[in-house]
Every structure is written in C-alpha cells, then in structure tokens.
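What follows is a single structure, written as structure tokens, with notes after it.
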Amino acid sequence: MEKIKHIAIIMDGNGRWAKRQLLPRTFGHKKGVEKVREIAIYANDLGIECLTLYAFSTENWRRPAEEVNYLMSLPKIFFSSYMKEIMANNIKIQMIGSLEGVPAEARKIFTDAIEESKNNTGMILNFAMNYGGRAEIVKAAQQYAIDYSNGSAGPLDEELFASYLMTKDLPEVDLLIRTSHELRLSNFLLYQLAYSEMVFTDTLWPDFTTDDLDDCIDQFYHRGRRFGGLNETENT
C-alpha cells in the first residue's frame, strides 16, 4: 500500500469536552486550538504531505452569535501563539472555503499566515474555513459551465472536474478521521472522499493524542484499498 500523503480531520467534540469539564463551550474550542498545534507538528514529523482540518463549516454560522464570534477569534489565537513554530517546522499554511463574510481581522490573519509561509516546503496545513462540500461542487460546476461556453474547456470528465475543486493542487485524501463518534461527513470534502478510508473514533478532539493519530494510521495500513477492483489474493 502506498504511503499516506493526505489526512483530513473533522475535529468534533470541543463543546462536549467542555461540558464534561463543567466549563463553557469556549474553553473546549480553546483546547481544540492547542490540539491543532500538537497534531500538525506531529503529522509534519511523520512526513505527511497535507493535513486538512475542518475548522468552520458554512453551517456553523447557525450557532449562537456569541459562539460564532469566539470561533472567529481562534485564528488570531492560533497564529499569534504558534506561527513561529509553524515557520520553524517549515509548514505551509493554506485554506479552502471562502473568506466572504468572515470578519476582517480573521481574514487578514489567514491571508498573512498564507503569505508568510508560502515558500515553506514541509507539510501543507490546510484549513477548511467557511467551507461546504456541496457549495464547492456547485461552484466548480458553474465555473466549468462558463469555461465550456466560452471555449476554454473541453468535454467534462472526472480529471477535468477535479481541476475546478479547491483541492486541485493537493494530493488525494487517503484517510478521513472524525472524532467524538459522530458517524457522518457533515458536508466535508464530499467529492474528494469518494475512495478515502474513514476512521470514526469516540475520542473528543481536545483529548485526541498523537497515539490516537498513530492508531488511525495503523488502521489505514491494515485495510485493503481496492478502488472497486480486487486485490491480488482475490484474483487468484
């Protein structure tokens, strides 16, 4: 089996973690930010090429305004605390989603981090920010239709369509991890996860450790990825 290149994580359970500690939900989100640093540094050390984290979905705007405002402050907390370490580890920051509607301070923090780290050659730490999988597919289809109508795109196939997605320059997603035992994709990378292996763990995101990541990766390597075909033993 080929080496894992791209891991995507739905970081779920911050609020439940805080509730178990008898703390406000914001404490769980703050703890989750600290966990991002730990897991990102470790994944980079493992030689993972890309780590995509579901930071804020298009549906998260439906949460109470106080919580949304706090979530929008997390980029400042994360990058002000860990940008030097990110640079020291040669990690490159990228983002998928849309900064439209995101507060100006958070937009600037993201764009500044992307600009500062653009020449780094280590792991890509890719934040899905204000991201929705359905919206991404619709936007890709709309742009293809425009290009086809003006003659700049040929007949559509899967490879061409993938070039219109926000992940077009990233490796295929090998492994999806979702914490907190929720068994759904929540509108995350709907096109890209077609043949990804998936691991759903009971562990809440603030409690997720490097050992947990190792366990998820180990599960990946013990599965047979056939992509609709047969493995060698099934062919004999």
If you check Glu115, Glu85, Glu159, Glu100, which single one turns out to be assigned to a helix (DSSP H, G or I), surrounded by fewer than 18 Cβ atoms within 10 Å (Cβ to Cβ), touching a residue at least 12 places away in the same chain (Cβ under 8 Å) and of a type in the set (D, E, K, R)? Glu85
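Can you pull out every residue in segment 100-117 that is of a type outside the set (Ser, Thr, Tyr), modelled with pLDDT of 95 or more and under 28 Å from Ser163 (Cα atoms)? Talk me through it step by step, then tell me what you get.
Our first condition is that a residue be of a type outside the set (Ser, Thr, Tyr); within segment 100-117, this holds for 100-110, 112-116.
From the residues that got through so far, the ones that are modelled with pLDDT of 95 or more too are 102-110, 112-116.
Hits for segment 100-117 are Val102, Ala106, Arg107, Lys108, Ile109, Phe110, Asp112, Ala113, Ile114, Glu115, Glu116.
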Within segment 16-66, residues being acidic (Asp, Glu), within 30 Å of Asn90 (Cβ to Cβ) and open to solvent by less than 80 Å² (accessible area, probe 1.4 Å) number 2
Using beta carbons and a limit of 8 Å, which pairs, at least six apart or on different chains, have the first residue in segment 130-142 and modelled with pLDDT of 95 or more and the second one of a type in the set (D, E, K, R)? Asn130/Glu100; Gly132/Glu59
Test Ala194 against the criterion of being open to solvent by less than 70 Å² (accessible area, probe 1.4 Å) and modelled with pLDDT of 95 or more, and give yes or no. no
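Going by the conditions given, is Phe127 surrounded by 13 or more Cβ atoms within 10 Å (Cβ to Cβ), free of Cβ contacts under 8 Å to residues at least 60 places away in the same chain and either within 26 Å of Asn14 (Cβ to Cβ) or not acidic (Asp, Glu) (or both)?
Against the criterion (surrounded by 13 or more Cβ atoms within 10 Å (Cβ to Cβ), free of Cβ contacts under 8 Å to residues at least 60 places away in the same chain and either within 26 Å of Asn14 (Cβ to Cβ) or not acidic (Asp, Glu) (or both)), Phe127 does not qualify.
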Which of the residues belonging to segment 197-220 are open to solvent by 40 Å² or more (accessible area, probe 1.4 Å) and of a type in the set (S, T, N, Q)? Thr209, Gln219
Single condition Gly13 does not satisfy, out of (1) in contact with a strand residue (DSSP E or B) (Cβ under 9 Å, 6 or more places away or on another chain); (2) buried (at least 23 other Cβ atoms within 10 Å of the Cβ); (3) under 16 Å from Glu182 (Cα atoms): (1)
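The values are calculated or read from the model by the stated rules, or taken from the named source; none is laboratory data. All values reported here derive from a predicted model rather than from experimental measurement. Glycine gets a Cβ as well: all are built from the backbone with ideal geometry, and neighbour counts include every protein chain shown. Each accessible area value is taken on the protein alone, full model and side chains, heavy atoms only, with ligands, DNA and RNA left out. Shrake-Rupley method; radii C 1.70, N 1.55, O 1.52, S 1.80 Å.
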